[in-house]
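The values are calculated or read from the model by the stated rules, or taken from the named source; none is laboratory data. Source: prediction; values computed, not measured. Here the Cβ positions follow ideal geometry from the backbone for every residue, glycine too, while neighbour counts run over all protein chains shown. Accessible surface areas use protein heavy atoms only, side chains included; no ligands, DNA or RNA. Shrake-Rupley method; radii C 1.70, N 1.55, O 1.52, S 1.80 Å.
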Amino acid sequence: MKIKVKCASLTDIECDLLVVNEFVGVKHPGGATGAVDKALGGIITELTLSGEVSGKLGNIPVIHTRKKIAAASVAVAGLGESKDFDLDKVRTVSAYAIRKAKEIKAKTVATIVHGAGIGGLDPKEAAAALAEGSLLGGYQFNEFKTKIENGNEIKELIIVDYDPKKAKEIEKGAMRGEMVASAVNRARDLINAPSNKITPTFLANYAKKLATEAGLTCEILDCADMKKLGMHSLLAVAKGSSEPAKMVILKFKAKTTKKTEVVGLIGKGITFDAGGISIKPSKGMGEMKTDMAGAAAVIEIMGLLPKLGIEKNVIAVIPLTENMPGGGALKPGDIVSSLEGKNIEVISTDAEGRMILADALTYARKLGATKLIDIATLTGGCRTALGDVASAVIGNDQKFIDDFIVAGKASGEKYWQLPLYEEYKEYLKSDVADFKNCTENGKASPSVGAIYLKEFVGDLPWIHLDIAPTAYLEREFNYLSKGATGVGVRAITKYLMTRWL
Ligand code: BES
Ligand code: ZN
Ligand code: ZN
């Protein structure tokens, strides 16, 4: 779907479906919707009075125009209550409109910017949210279907505003929203695809290609390189698999910034998590193809940095391996060393994410990162705590955490802080090594996972994002469809785009 912005009168736009909107409680539509209503002889007012057009979120009746205007049909998208309206509602309403357009087999869709008129939102931000909601809401994963049932590809989405000055702002916002949402959708493609395609080697090559196209530097470490460096914690996880492990390093240097800050982004890249010798139950194991969602998010964020002209230096360190129970696999009770030099007693080989992140965090510090963000589908316990609604943020710097939560909210991603109490360190006390990789009882597993990772971040400000709750949805939820969500791309990008004091 191509997104275009046009400065024109709504009634002159030729398209299969024109999307206008209405709040709950409005009796006579005004603004853009009012103009269309007038051209259609007051039909929207009539349907509002009869209750068919209700303005409620999710209500989106389609009216045939009988050639009274250039559009073949008009959809009146409900915006809900005006007091509850915000940018995330713009995303949701836009997703509903695109799904409706697909349902009626529209090829060309035109829309006003929800919220940029009476809604009182900033036109640029509202247009970005409109583009995001449309692209995210219209996403389908069809790569492996040779025949698509009820498929309808929307060719063009035309965003319309009559005011040339406003249209300029709308254009800027829409183009940014399109870039971000396309990156999210590419991450979703990687996460939804099966692990027999998305191997560590595949992802490393994908990252290399993306880096070449985006003008980033890229280095790929193979097992021999990692052995030489001393990344024994990551290599220990890889021992049970016949797929070779990789470590990808991507670097972005901002054009003009004089700041010496270097943000290190670390994404968990377990391309399949069978649990290793501590094997997972077979029911639902297939979902563990998504255990590289953190890695996919980091790769796509790196691709966005030059496109968005972000003024921050960023290094990505992406550890990639399978976690399998092959003959050479790591076993419970084994003791492994790490790049940091600390020795780890393995209690469960299923707590493998923290073991590969450990070496990646240390390596990011060695490469000069001054601030760390890791993103990982780390614990099932986090999903138990937060459902599929929010991800967890845990860290050692409260301002960093607070700023990130704000960025998340602005981007439409929810992060809820969980504690990093020192007492949790006691849970990992080992009789034979420096510490254990997890507890036997699973208590407070998201926080215990984080207290483990804290051993590898040195003195740097750091936040850990546990996206196990939100990386993969079993249901359609507002503007996100079932399956992979690409969570993290929007929030981290927003965080990097924001100038924090
Ligand atoms: N990849 C899983 C976590 C996970 C579970 C992600 C469900 C998405 C959905 C992780 O490697 C894991 O197995 N964690 C263990 C940790 C435990 C052994 C301390 C868990 O959560 O059970
Ligand atoms: Zn695991
Ligand atoms: Zn895992």
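On a 0 to 90 degree scale, rounded to 10, what angle separates helix 200-214 from the longest Cα axis of the chain?
Helix 200-214 sits at roughly 50 degrees to that axis.
Using the Karplus equation 6.51 cos²θ - 1.76 cosθ + 1.60 (θ = phi - 60°), what ³J(HN,Hα) coupling, rounded to whole Hz, does each residue of region 359-372 give in order, writing x for Gly and Pro?
Here the 3J(HN,Hα) series is 5, 5, 5, 4, 5, 4, 5, 4, 7, x, 5, 10, 7, 10 Hz.
What does the net charge come to around Ile335 if you take all other residues with beta carbon closer than 13 Å to its beta carbon, with K and R at +1 and D and E at -1?
Around Ile335, the charge tally is -1.
Return the long-range amide H neighbours of Leu473 (sequence gap of 5 or more, or a different chain), with a cut-off of under 5 Å between placed amide H atoms.
Hits under the 5 Å cutoff: Gly483, Ala484, Thr485.
With labels modelled as points extended 7 Å from the Cα through the Cβ direction, what inter-label distance (nm, one decimal) is found for Cys223 paired with Ser82?
Those two pseudo-labels are separated by 6.5 nm.
Once you sort the root eigenvalues of the Cα gyration tensor of region 206-498 as a ≥ b ≥ c, which label holds: rounded (a/c under 1.5), prolate (a/b larger than b/c) or oblate (the other case)?
Judged from the Cα gyration tensor, region 206-498 comes out rounded (a/c under 1.5).
If you keep only loop residues by DSSP, which GluC sites (Glu not before Pro) in region 396-501 have at most 12 other Cβ atoms within 10 Å of their Cβ?
Glu422, Glu423, Glu440, Glu474
List every residue whose amide H lies under 5 Å from the amide H of Val19, counting only residues 5 or more places away in sequence or on a different chain, with H placed 1.01 Å from N in the peptide plane.
Distant-sequence amide H within range of Val19: Ala75, Ala110, Thr111, Ile112.
For the chain, which whole-number percentage of the solvent-accessible area (1.4 Å probe, protein heavy atoms only) is attributable to carbon and sulfur atoms?
That fraction is 52 percent.
State the Kirkwood hydrodynamic radius of region 2-187 in Å, one decimal place, computed from all pairs of distinct Cα atoms.
16.3
Solvent-accessible area per residue for region 206-498 at a 1.4 Å probe radius, Å²?
38
Rg and Dmax of the chain over Cα atoms: what are they, in angstrom?
Calculated on Cα positions, Rg and Dmax stand at 24.4, 82 Å.
May I ask you to compute the full-extension gain from Glu261 to Ser337, defined as 0.36 nm times their residue separation minus their alpha-carbon distance, rounded to one decimal in nm?
24.4 nm
If amide hydrogens are placed 1.01 Å from N in the peptide plane, which non-local residues have theirs closer than 5 Å to the one on Gly395?
Those lying under 5 Å, H to H, from Gly395 are His464.
Taking θ = phi - 60°, what integer Hz values does the Karplus form 6.51 cos²θ - 1.76 cosθ + 1.60 yield along region 463-468, in sequence order, with x for Gly and Pro?
10, 10, 10, 9, 9, 3
Only sites in a loop by DSSP and with at most 16 other Cβ atoms within 10 Å count here; which chymotrypsin sites (Phe, Trp or Tyr not before Pro) in region 154-248 make the cut?
Counting only loop positions with at most 16 other Cβ atoms within 10 Å, the chymotrypsin sites (Phe, Trp or Tyr not before Pro) in region 154-248 are Tyr162.
Over what distance in Å are the Cα centres of region 234-301 and region 474-489 separated?
20
I need the phi-derived Karplus couplings for region 137-151: 6.51 cos²θ - 1.76 cosθ + 1.60, θ = phi - 60°, integer Hz, Gly and Pro marked x.
Values per residue, Gly and Pro as x: x, x, 5, 9, 9, 10, 3, 9, 9, 7, 9, 9, 7, 6, x Hz.
Which shape class applies to region 1-55: rounded if a/c is under 1.5, otherwise prolate when a/b exceeds b/c and oblate if not, where a ≥ b ≥ c are the square roots of the Cα gyration tensor eigenvalues?
prolate
Per residue, how many Å² of accessible area does region 1-122 show with a 1.4 Å probe?
Accessible surface, normalised per residue, equals 45 Å².
Could you work out the helix-only [θ] at 222 nm for the chain, with each DSSP H run of four or more residues adding -39,500 (n - 2.57) and the total divided by the number of residues, to the nearest 500 deg cm²/dmol?
So the helix-based figure for the chain works out to -11000 deg cm²/dmol.
How much length, in nm to one decimal, is gained on full extension between Asp163 and Glu143, taken as 0.36 nm per residue of separation minus their Cα-Cα distance?
3.2 nm
Enter the angle in degrees (range 0 to 90, nearest 10) between the Cα long axis of helix 293-308 and the first principal axis of the Cα atoms of the chain, meaning the one along which they spread out most.
Tilt of helix 293-308: around 60 degrees.
Which entries in Lys89/Lys166; Lys239/Lys289; Lys89/Lys371; Lys251/Lys482; Lys399/Lys494 show an alpha-carbon gap greater than 23 Å?
Distance filter (> 23 Å) returns Lys89/Lys371; Lys251/Lys482.
Stick to the Cα atoms of region 112-263, pair each with every other, and give me the Kirkwood hydrodynamic radius in Å at one decimal.
Over region 112-263, the inverse of the mean reciprocal pair distance is 19.3 Å.
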